[in-house]
Amino acid sequence: MNCLSVNCRGCGRPEAVQEIRHLVEVARPAVVFLMETRMSKERALGLKNKLGFPNGEAVSSDGLSGGLVLLWRRDVTVAVQSASKSHIDVVLSCASLGVREWRLTG
């Protein structure tokens, strides 16, 4: 399974979104984890559409620090175990990629 993790240092800037979109197009990851988004949960989940992902989980930033986003493709099944300002912990699987169960903590 192909995963992409990026410390984006703020996804509010159009240049940051464009760069992340380029990374997603090149790497074609099944799962993307973004940290330091500096965004609210609602705004961060809006980012999933811009990056072409149908599913996501997010944790709001605290002012201008923090913020987490986990995005995944339609064929990936994700069960969120826990989430806080410091982490998102999930168990995921993907039959089409032959992944039965895998744990990801970002």
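The values are calculated or read from the model by the stated rules, or taken from the named source; none is laboratory data. Note that the coordinates shown come from a computational prediction; the quantities given were computed from them, not determined experimentally. Here Cβ is always computed from backbone atoms with ideal geometry, including for glycine, and neighbour counts include all displayed protein chains. We work out accessible area using only protein heavy atoms, side chains counted, and drop any ligands, DNA or RNA first. Shrake-Rupley method; radii C 1.70, N 1.55, O 1.52, S 1.80 Å.
Quick look at the numbers
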item	result
Tabulated pairs, segment 54-67, first more than 12 Å from Arg38 (Cβ to Cβ) and among the aromatic types (Phe, Trp, Tyr), second surrounded by fewer than 20 Cβ atoms within 10 Å (Cβ to Cβ) and at pLDDT 90 or above, C-beta under 7 angstrom, 6+ apart or interchain	none
Residue check, Met39 in contact (Cβ under 8 Å) with a residue 40 or more places away in the chain and either of a type in the set (Lys, Arg) or out of contact with any helix residue (DSSP H, G or I) (no Cβ under 6 Å at 6 or more places or on another chain) (or both)	no
Single unsatisfied condition, Leu68 versus (1) out of contact with any Phe, Trp or Tyr (no Cβ under 9 Å at 6 or more places or on another chain); (2) of a type in the set (A, V, I, L, M, F, W, C); (3) within 21 Å of Arg21 (Cβ to Cβ)	(1)
Residues satisfying the stated conditions in segment 45-62, i.e. open to solvent by less than 50 Å² (accessible area, probe 1.4 Å), farther than 15 Å from His87 by Cα and modelled with pLDDT under 95	Leu45, Gly46, Leu47, Lys48, Leu51
Selection from segment 70-101 of residues that are of a type in the set (Gly, Ala, Ser) and either surrounded by 15 or more Cβ atoms within 10 Å (Cβ to Cβ) or part of a loop (DSSP other than H, G, I, E, B) (or both)	Ala83, Ser86, Ser93, Gly98
Selection within segment 1-53 - small (Gly, Ala, Ser) and either assigned to a loop (DSSP other than H, G, I, E, B) or within 21 Å of Ser93 (Cα to Cα) (or both)	Ser5, Gly10, Gly12, Ala27, Ala30, Ser40, Gly52
